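Colleague: Sharing a structure with you now.
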Amino acid sequence: ASFVEKKSIAMLDKPVESSGELFYSAPDHLEKRTFKPKAESMTVDAGTLIIERGRQKHRLQLQDYPELAAFIDSIRGTLAGDRKALERNYRLSLDGTAEHWTLLLLPLDEKMQAVVKRIRIAGARDAVRSIEITQADGDSSLMLVEKLATP
């Protein structure tokens, strides 16, 4: 899928916009390739996150970063349709119909609540259309997702 993400940060005058592509392969491979404004990639395989920016490459074990792992699992769990995985870290609320639905995720863990207030994922049928994250400090991001045509 392609994405356009706008991040609203209190200390900046206007939102920061980025765009690129997302790849997901069940059950636990997720990749975000950003092309604009600067090239970078984030790849999650099982419990490892790899971030590449230019010549820099960082490898993190998600077990060492539980808040980050919970956030990544919110996206992977939604894409995989894994309710149990989502319920480990979030209180869930699903509204709408199969044609147009919204999944609201509220963090259960206090440490996660100190970072993320809520995650709202909206979609149509089996496709995620947007991911909105509201942070505890008031900053937010909205990622619009559009499925790419398969060749």
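The values are calculated or read from the model by the stated rules, or taken from the named source; none is laboratory data. Quantities reported herein were computed from a predicted structural model and do not represent experimental measurements. Cβ placement follows ideal geometry from the backbone for every residue including glycine, while neighbour counts extend to all protein chains displayed. Surface areas here come from the heavy atoms of the whole protein model, side chains and all, with no ligands, DNA or RNA. Shrake-Rupley method; radii C 1.70, N 1.55, O 1.52, S 1.80 Å.
Colleague: As a test of reading the structure, rank 29, 100, 58 by solvent-accessible area (1.4 Å probe, protein chains only), most first.
Modeller: So, going from the largest accessible area down, we get 100, 58, 29.
Colleague: Computing the accessible area with a 1.4 Å probe over protein heavy atoms, can you report the carbon and sulfur percentage for segment 20-90?
Modeller: It is 50 percent, rounded to a whole number.
Colleague: Counting only protein heavy atoms, what percent of the accessible surface of segment 108-151 is carbon or sulfur at a 1.4 Å probe?
Modeller: It is 51 percent, rounded to a whole number.
Colleague: Let me ask something additional. Can you give the Rg and Dmax of segment 1-122 based on its C-alpha atoms, in angstrom?
Modeller: For segment 1-122, the Cα-based Rg and Dmax read 15.2, 45 Å.
Colleague: When only the heavy atoms of the protein chains count and the probe is 1.4 Å, how do 111, 32, 6 rank by accessible area, highest first?
Modeller: Solvent-accessible surface, decreasing: 111, 6, 32.
Colleague: Moving on. If you stretched the chain out fully between residue 108 and residue 148, how much longer would it get, using 0.36 nm times the residue separation minus the C-alpha to C-alpha distance?
Modeller: Additional length available on full extension: 11.0 nm.
Colleague: OK, next. Using a simple charge model, +1 on the beta-carbon of Lys and Arg, -1 on the beta-carbon of Asp and Glu, nothing else, what dipole does segment 21-151 show about its Cα centre, in debye to the nearest 20?
Modeller: I would put it at about 260 debye.
Colleague: Using protein chains only and a probe of 1.4 angstrom, how many square angstrom of residue 53 are accessible, to the nearest 10?
Modeller: 110
Colleague: Accessible area of residue 24, 1.4 Å probe, to the nearest 10 Å²?
Modeller: We get 70 Å² for residue 24.
Colleague: Toward the positive end of the charge dipole of segment 76-151, about the Cα centre and with charges on Cβ (Lys, Arg +1; Asp, Glu -1), which of 107, 80, 140 goes farthest?
Modeller: The one lying farthest along the dipole's positive direction is 80.
Colleague: For 41, 74, what's the largest-to-smallest order of accessible area, 1.4 Å probe?
Modeller: In descending accessible area the options line up as 41, 74.
Colleague: With every protein chain left in place, what is the accessible area per residue of segment 33-82 in square angstrom, probe 1.4 Å? Walk me through the intermediate numbers first.
Modeller: On the way: 3220 Å² over 50 residues.
Per residue, segment 33-82 has 64 Å² of solvent-accessible surface.
Colleague: Ignoring ligands and nucleic acids, what accessible area does residue 128 show with a 1.4 Å probe (Å², nearest 10)?
Modeller: So the heavy atoms of residue 128 present about 20 Å² to solvent.
Colleague: Let me ask something else. Rounded to the nearest whole Å², what accessible area per residue is found for segment 101-151 with the 1.4 Å probe?
Modeller: 60
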